[in-house]
Amino acid sequence: MELSEKIAVLSAAAKYDASCASSGSGRAGDGFSGGKGGGGRRQGAFFGATLPAGVCHSWTEDGRCVSLLKVLYSNVCRFDCSYCVNRASADTRRASFTTEELITLTCEFYRHNYIEGLFLSSGIFADPDIVMEKLVETARKLRTEAGFGGYIHLQIIPGSGAKFIRPAGLWADRLSANIELPTDKSLTRLAPQKSGKLIFGAMEEVLAAENENSEDRRRSRAFHPGREAPAFAPAGQSTQLIVGVSAENDRQIITLSGALYRKFFLRRVYYSAYTPVGVPGGGGIPDPRLPEISGPPLAREHRLYQADWLLRFYHFSPEEILEGDSVHLDIQVDPKTAWALRHPERFPVELGRADYEELLRVPGVGATSARRIIEQRRSRSLSYEGLRRIGVVLKRARYFITVAGAAIDRLDDPKRVRRVIAGTDGGGLQLPLFDF
Ligand code: SF4
């Protein structure tokens, strides 16, 4: 098969993996933390598209757009995860790169400025140890033989031994072990060759290696200044959960994410709305284990990302995001607004006096605008016009705040306010993630 065909097959096979948005890498000389021109849409000359096949856009935590070559090493797979286009029983075109092809391709794309990094995963075409060894070898050769300084995200192959995790983290910026489904019951049903034990075991191993590496680096700084040990996976670890393919509710998903952040210090949990996959053989009987849905549940995915944002940056606990008997997030309003509407006793918040934690709880006030409010009121008084300028979204915040005792609107009838906010919210898909 021609290399161009392989790229088309193996990039299409990788596109359902959401876990490649990159953030926070500090690998020295990586060209990724701003040194290589800051990303943005680049024009490519391959396949007549605006970007070369396999190049995807991701966003860093500071909102910067970066481009990654996102491909599988191989889409041949022994596993038969029912929701996956690459499952063993799927009637799909198969291809595999060689390590050398992948290295040449990555370096070419990088040299032409099409990409700032590589996201590499694989189907399980052989024993998981052999597959993982191939991924690690690719990353190692990219760094040591090809001098590649870009970002590398490697996925940990389920079932591969712990012995590969340490070398993987030495060459890669980020590692991820995808949970995919939130309970063992669903894994047994839909991805019987996987288990929570395998995946959490890999996360535990990454965490142990990170801790050991921090200690080594601390020691080398103290005893051998200037000869610091290299950082282990400096952009940390992440995982992905598929939403809407199994029966778990949002409460189970958010509770799991909260536990993962606490226990394994994950940088990110990615949520991927389940995209219905074709019937084996291109016809016949649909897999009865899979839900019959017309399209991916994108609004639900979006609300989960917002809830995740509350866990990571707004100091909410999973129990606060979904309280009482509620098991699903409100699709009509974002989760912070939903919480505020359930707690009218906490409002209005006087912006001239509130501390940072109180400000974070106000719908329409983001972490950045909360900091700016505190800064600004040190030197001058706040005004509604000034709040707009520093990024407060008044169409949501107006019901929950006072400035110098004056309100724009009131939270006297939470049901009415919910209706108004839901009307301006477009059902969830228009909302940015960052301003609530
Ligand atoms: S292990 Fe499962 S999810 Fe991964 S490529 Fe194979 S079938 Fe797909």
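Hey, what's the Cα Rg ratio for the chain versus the globular rule of thumb, 2.2 N^0.38 Å?
Relative to the rule-of-thumb radius for its length, the chain sits at 1.06.
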(request) Past 22 Å, Cα to Cα, is the threshold; run Lys336/Lys395; Lys134/Lys185; Lys336/Lys415; Lys141/Lys197; Lys134/Lys263 against it and keep the listed order. (result) Lys134/Lys185; Lys141/Lys197; Lys134/Lys263
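How much net charge surrounds Tyr384 when only the other residues with a Cβ under 13 Å from the Cβ of Tyr384 are counted, with Lys and Arg +1 and Asp and Glu -1? Working shown, then result.
On the way: positive: Arg388, Arg389, Lys395, Arg398; negative: Glu385, Asp409.
Net local charge, Tyr384 excluded: +2.
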(request) DSSP loop (so not H, G, I, E, B), at most 16 other Cβ within 10 Å: list which chymotrypsin sites (Phe, Trp or Tyr not before Pro) in the stretch 233-314 pass both filters. (result) Phe265
(request) Grab the other residues whose beta carbon is less than 15 angstrom from that of Ser11, score K and R as +1, D and E as -1, and report the net. (result) 0
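How long is the gain from Arg94 to Ile293 if the chain were fully straight, where each residue apart is worth 0.36 nm and the alpha carbon distance is subtracted?
The span from Arg94 to Ile293 would gain 69.0 nm if fully extended.
Given Cα pairs under 8 Å that are at least 6 residues apart, what percent is the relative contact order of the stretch 340-387?
That works out to 32 percent.
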(request) Could you tell me which GluC sites (Glu not before Pro) in the stretch 306-386 are loop residues by DSSP with no more than 16 other beta carbons within 10 angstrom of their beta carbon? (result) Glu323
(request) Working from the alpha-carbon coordinates of the stretch 335-428, get Rg over Rh, Rh being the Kirkwood radius. (result) 0.94
(request) List the trypsin sites (Lys or Arg not before Pro) within the stretch 326-390 that fall in a DSSP loop (any state other than H, G, I, E or B) and whose Cβ has at most 15 other Cβ atoms within 10 Å. (result) Arg353, Arg380
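As a test of the formula, what do you get for the chain when each DSSP H run with n ≥ 4 contributes -39,500 (n - 2.57) and the sum is divided by the residue count, at 222 nm and rounded to the nearest 500 deg cm²/dmol? Write out the running numbers ahead of the final one.
Details: 15 runs with 165 residues, N = 436.
Counting only the DSSP helices, I get -11500 deg cm²/dmol.
Could you tell me which of rounded, prolate or oblate describes the stretch 249-391, using a ≥ b ≥ c as the square roots of the eigenvalues of the alpha-carbon gyration tensor, with rounded for a/c under 1.5 and, failing that, prolate when a/b is larger than b/c and oblate otherwise?
Judged from the Cα gyration tensor, the stretch 249-391 comes out prolate (a/c at least 1.5, a/b above b/c).
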(request) Could you work out the local net charge near Ala209, counting Lys and Arg as +1, Asp and Glu as -1, over the other residues with Cβ closer than 12 Å to its Cβ? (result) -4
(request) Can you tell me the relative contact order of the chain? Whole percent, Cα pairs under 8 Å, sequence separation 6 or more. (result) 12
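Any read-out appearing in this document is the output of simple, stated calculations on the displayed coordinates, not a laboratory observation. Just so you know, these numbers come straight off a predicted model, no measurement behind them. Don't worry about glycine lacking a Cβ; one is built from the backbone with ideal geometry, like all the others, and counts go over all protein chains shown.
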